[in-house]
Every structure is written in structure tokens, then in C-alpha cells.
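One structure is given here, and the rest of the page talks about it.
Any read-out appearing in this document is the output of simple, stated calculations on the displayed coordinates, not a laboratory observation. All values derive from a computational prediction rather than experimental measurement. In this analysis, Cβ positions are derived from the backbone assuming ideal geometry, glycine residues included, and neighbour counts consider all displayed protein chains.
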Amino acid sequence: MDEEKYYEFVDLYKNPDHKGKLKDFDFKTEEYSSSCGDVFTVYLKLENGKIKDATFEGNGCIISTISISKTCGDIIGKTPKEIQKMGLGEVKKIVGVDEISLSRIKCATIGLDTIKKALRNDSSE
Amino acid sequence: MVSFDVQRIREDFPILKSKVNGYPLVFLDNGATSQKPRQVIDGIKYFYENINANPMRSIHHLAEKATEAYVEAREKAAKFINASPEEIVFVKNTTEAINLVSFALPFKHGERVATTYLEHHSNILPWLKLKENGLNVDFVDIDENFDLDIDYYKEMPAETKLVTVAHESNVTGTVNDVKKICSLAHSSDTLCLVDAAQSAPHIKIDVKDMGADFLAFSGHKMLGPLGIGVLYINKNVAPKLRTFMTGGEMIKSVKINKVEYADMPSFFEAGTQNVEGAYGLGLAIDYLNNIGLNNIESYEKGLMAHLYQASKTINGIDVYSGRSKKNGAIFAFNSKTLHPHDIAYLLDKKGIAIRSGFHCAQPFIEDKLHLEGAARASMYFYNTKEEMDSFVNGLKEIQVEYG
């Protein structure tokens, strides 16, 4: 990811979409990034087998925040099964970058990982 | 060395000539690991081309040379901290050293270890793990300037068997009065372990004067290769310890019914050791001795004074280091608007390498600084005032553009 892209993200970083707590949700989970100390919580609402709404709480770096915010938007309308199939490739498309350095992959995928974990937790219960 | 010629010193470090993202490298992540001088890099090559064999075992010519090299490295490490060679155990790093003590010291159910809030995870987790066996772990508190509550050591619970403390914090650079802590610990018959990972590269250590029973440091943070570290164990304490790892070369006699273990330090060095690493560490110690730890300490003091003065002109940052009674060459800070990872990323784009995150000190950063992470620039004697200016200017630009 280049510096220009970073710069482009700064405003969105300060005021990201989908941030906040859902009053009415079906799934909620927390995930940690051990190297940087970020903690995110996601809230998911399902309707007719598809994600109706998705939000997140927590603070992280620009990459993790933009990624979780945009991923919350992207998954609305998708089924849990479709979401479980998503990976780094999809995250890159959602965020709009071609390359993410090795040390920042966790930042980029923490949003999707948390969402997947939330959906898994429920189905296993 | 009469005068401290930093440009001349930098000539010894090939990596410092690198360019990163089109800028000259400014390496300010020395708290994580230091760069290596030619003398160490070439020395390791020399070792494999001229000395390599398994020491302490075979009796052929090369084995003899390898044994000599290993013994000599131990003598250098001992002299470096004013210990005897039999008090020096070679380990992988500080983490292994502290783990070794946690396994080797026989704790009874209900006994206590006093660690502190300033510690790296490596001086917290080995003790927390022993809670499973009934050990109690106490955390000595710090004040608003990150100085330890020394009074704690004056009236410790009677069951406290070990006091364990960092000589220098890897987050704030706070240098603790470990001599006083060791003396207070001893006055209540408590042992004292000093984590010198951050201090040994910068401050002259004399374990006899300090009074530590155990002292640990890593070679790679003081110009040596990765994977070699030192655990000092006071010779009066060693007989009370149990084995850590068992295997080759740490025995006198092995019969199926009776095993007799070797004396210190072989007692704790099971299996073929990192001889190359020990040899390289010996060369790193030679290099440091040649410059002089006192010269290093005073040069870095000047560097930090310059940095703190210059940093006053940066808007929108909080600084966490430099406010304790004694401080090392660490500058810990945060931007009021940007995440530490973003600061580190944007500085890297200007060729400036710093660390960001928890620094393996989550209890301190969360419970005491009330943060989710911090950025850290950590200096060494090959850094220059010009580099301090580049770092400050880089931060200023980032704060203006992104803040």
C-alpha cells in the first residue's frame, strides 16, 4: 500500500462507517491483535439467512480500521457461508489495494477474521 | 578511546549505509535488536572457515580450537559483568534465561515472587505459569513518573522467595535502582534476579557491586549475533538449583540407576551449544570494551538531551519516556491522532525504523499508561544528532499531513 492511499484513508479513519454498537444483534464477538494491541468487537444482525446489518467497535491502525469498516459494509446481503469463504484476496478488493506487506496482513484481515469468528461461535453453540 | 568519533564508528556497521524507501536508513529500533559491526560479522565467517568443530567433546585439533573459542567467550562474558566464568551460563536469550531460573529454583507451594509493572512479558509469564503450582505472583507498583515503589521491598511478605526486576524498562527507558533493590531483597533473605536485556548494551554492569543473584541479557541487543544470551548465576546460589534441560555434556556419569550431573556452568548447558553465537558475542564484547561502556553511556546521554530538546517542537504527541529518576536511550511516545502502527509505517516511508505496539509489556501499557499501544524510538551509540533531527522532522511532517 502506498503513501497516497494512506493519505486518502485518513479522513475515513477518523470517522469510519459502520462504527458503533448494534442494539439488536444475533452475533457478537471480540478479537485481539497481539502485536499491536488492537481489540475489535463486531455486531451482526441476520435476516432471512443473510446479513442485514454489521457494525464494529474498537480502535486500531488505519489499515485495520478501514478494513473492518469496509468489510462490515461489504458483507451486508451475504450469507454466513459466503462470508466463511472470503479471504485476504477479497479483503484487498474491499479495501482497494493491490499489495499489503507481510507484517500488516493481520491488520488487514482482523475485521474479516472477527466477523467469521462471530458467525462460527454461534453455529457451534 | 579519547574522543567519541561517531562517524568513524558508523564505518564499522555496513547496514547503516543502506537506503530504505529512497532515504538513508535511520535505525531507531535498537531496543528490539542492534546492528552488527564488521568485526562481529567477519568473525563469524572466520569461525566457520577456521575453527568450527563441536567443543568440549572430541580431542582433535579443530575441537581443541573450538573449545578454546568457547571457553574464551565465556571468560569475556564473565569479565564484562565482573563475574567468574563458572557463573556464566550461555542461553538463547534473556527469555530463556528467566525461564531457566523459573524451572531451576525450587519453589514451595505458597511462596511468592515479586515482579513489577515495568516488566517485559518474559519477566512476567514464567512466573504467572508457576501459579499452577501454587506460587503467588506480586506486581510491584510504579508512580506517575514510572519509578518503582522501592518501599515495597522494605516490607515484603515473608514468603517472598525471589524479587525479579528489569534494570531498564523496554518501554519507558526507566533505569531502576537495582543495587538498592538487591540489597533490600537480601536483607529479608530473598533472592534477586535482574533482567539486564535493555541495560547491558548501554550501562557498565558489575554484578558483585549490584548484588544480583541472577542477571540475564541477550547478545543480539549489544552487537552480538541472534540466538546467544547470558545468564549469570551467583556461585553461592547455584548449588540450590535443579536441572533445567538434561542431555549431552551436562553430566559426569550416567548409569541407569544413578546420574551424576556436571558442575556449573555445564550443569545448565545440555546438548551442543551455540558456539558460533558465543564466539560472536565475545567479539561484540571486545568491540564494546574498546569503545568503553562509560563513553557509550555519556554519548547517549548527549544524544537523548538533543532529542528531548528538539521533540518539544513537535505538536500533537504525548511522550512517556524521560521522566523517571534515571532514564536510558529510549523515546516512547504516541500521536494524539494516529495509531502507533501508522506512525511507524509513515516514518518507515522516510527510512526511519521505530517500533510500535505493546512492546511485550501489555500490563504496563494497558493498566498504567491506559493505552492500546505506543511508539518507541530506541537509540544506540552509532546514532547521530542528525538522525535525531531527521526523526523529529519526520514526525512533524506526519503530524502536519495526517494529524
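How would you classify segment B:41-289 from its alpha-carbon gyration tensor, with a ≥ b ≥ c the square roots of the eigenvalues: rounded for a/c under 1.5, else prolate if a/b is greater than b/c, otherwise oblate?
Working: a/c = 2.32, a/b = 1.43, b/c = 1.62.
Taking the square roots of the gyration eigenvalues as a ≥ b ≥ c, segment B:41-289 is oblate.
Under 5 Å between amide hydrogens, built in the peptide plane, is the criterion, and for residue B:199 it picks out B:168 among residues at least 5 positions away or on other chains.
Please rank B:321, B:266, fewest neighbouring Cβ atoms within 10 Å first, as an exposure proxy. Before the final figure, lay out each step's value.
Values: B:321 25, B:266 17.
Listing B:321, B:266 from fewest to most nearby Cβ atoms yields B:266, B:321.
Our note on the geometry: Cα centres of segment B:229-295 and segment B:162-202, 21 Å apart. Between segment B:373-389 and segment B:299-362, what is the C-alpha centre distance in whole Å? A separation of 8 Å, based on Cα centres. Under a 5 Å amide H cut-off, with hydrogens placed 1.01 Å from N, residue B:140 pairs with B:115, B:116, B:117 among residues at least 5 apart or on other chains. Listing B:318, A:74, B:195 from fewest to most neighbouring C-beta atoms within 10 Å gives B:318, A:74, B:195.
By the Cβ distance rule of under 4.7 Å, chain B has these cysteines without a partner: B:360.
In this structure the amide hydrogen of residue A:38, modeled in the peptide plane, comes within under 5 Å of the amide hydrogens of A:33, none closer than 5 places in sequence on its chain.
Taking the helices alone, chain B has a mean residue ellipticity at 222 nm of -10000 deg cm²/dmol, built from -39,500 (n - 2.57) per DSSP H run of at least 4 residues and averaged over all its residues. Angle of helix B:94-104 to the longest C-alpha principal axis of chain B, folded into 0 to 90 degrees and rounded to 10: 40°.
Just tell me how shielded A:5-16 is by partners: mean number of partner chain Cβ atoms within 10 Å of each residue's Cβ, no decimals. Mind showing how you got there, number by number?
Values: counts 0, 6, 3, 0, 2, 6, 1, 0, 5, 3, 0, 0.
Taking the mean over all residues of the peptide, I get 2.
Using the rule -39500 (n - 2.57) for each DSSP H run of four or more residues, divided by the residues of chain A, the 222 nm mean residue ellipticity is -14500 deg cm²/dmol. Rounded, prolate or oblate, given the Cα gyration tensor of segment B:359-403, with a/c below 1.5 counting as rounded? Judged from the Cα gyration tensor, segment B:359-403 comes out oblate (a/c at least 1.5, b/c at or above a/b). For chain A, hydrophobic long helices are taken as DSSP H runs at least 18 Å long by C-alpha position along their axis with mean Kyte-Doolittle hydropathy of -1.0 or more; these are A:62-75, A:105-124. Rounded to the nearest 10 degrees, the inclination of helix B:275-291 to the longest alpha-carbon principal axis of chain B is 50 degrees.
What the phi angles of segment B:343-359 give under the Karplus curve with 6.51, -1.76 and 1.60, with θ = phi - 60°, is a coupling list of 4, 5, 5, 6, 5, 4, 5, 9, x, 9, 9, 10, 10, 9, x, 7, 6 Hz, glycine and proline written as x.
Sequence gap at least 6, Cα distance under 8 Å: using those rules, report the relative contact order of segment B:176-232 to the nearest whole percent.
31
With the highest mean first, a sort of the peptides B:334-345, B:79-90 on other beta-carbon atoms found within 10 angstrom per residue produces B:334-345, B:79-90.
Taking segment B:1-137 on its own, what percent of its Cα-Cα pair distances exceed 22 Å? Write down the numbers at each step before the final one.
On the way: 5933 of 9316 pairs.
It works out to 64 percent of all Cα pairs.
With angles folded into 0 to 90 degrees, how steeply does helix B:385-402 sit against the dominant principal axis of chain B? Use alpha carbons for both and round to 10. Between helix and principal axis, roughly 60 degrees.
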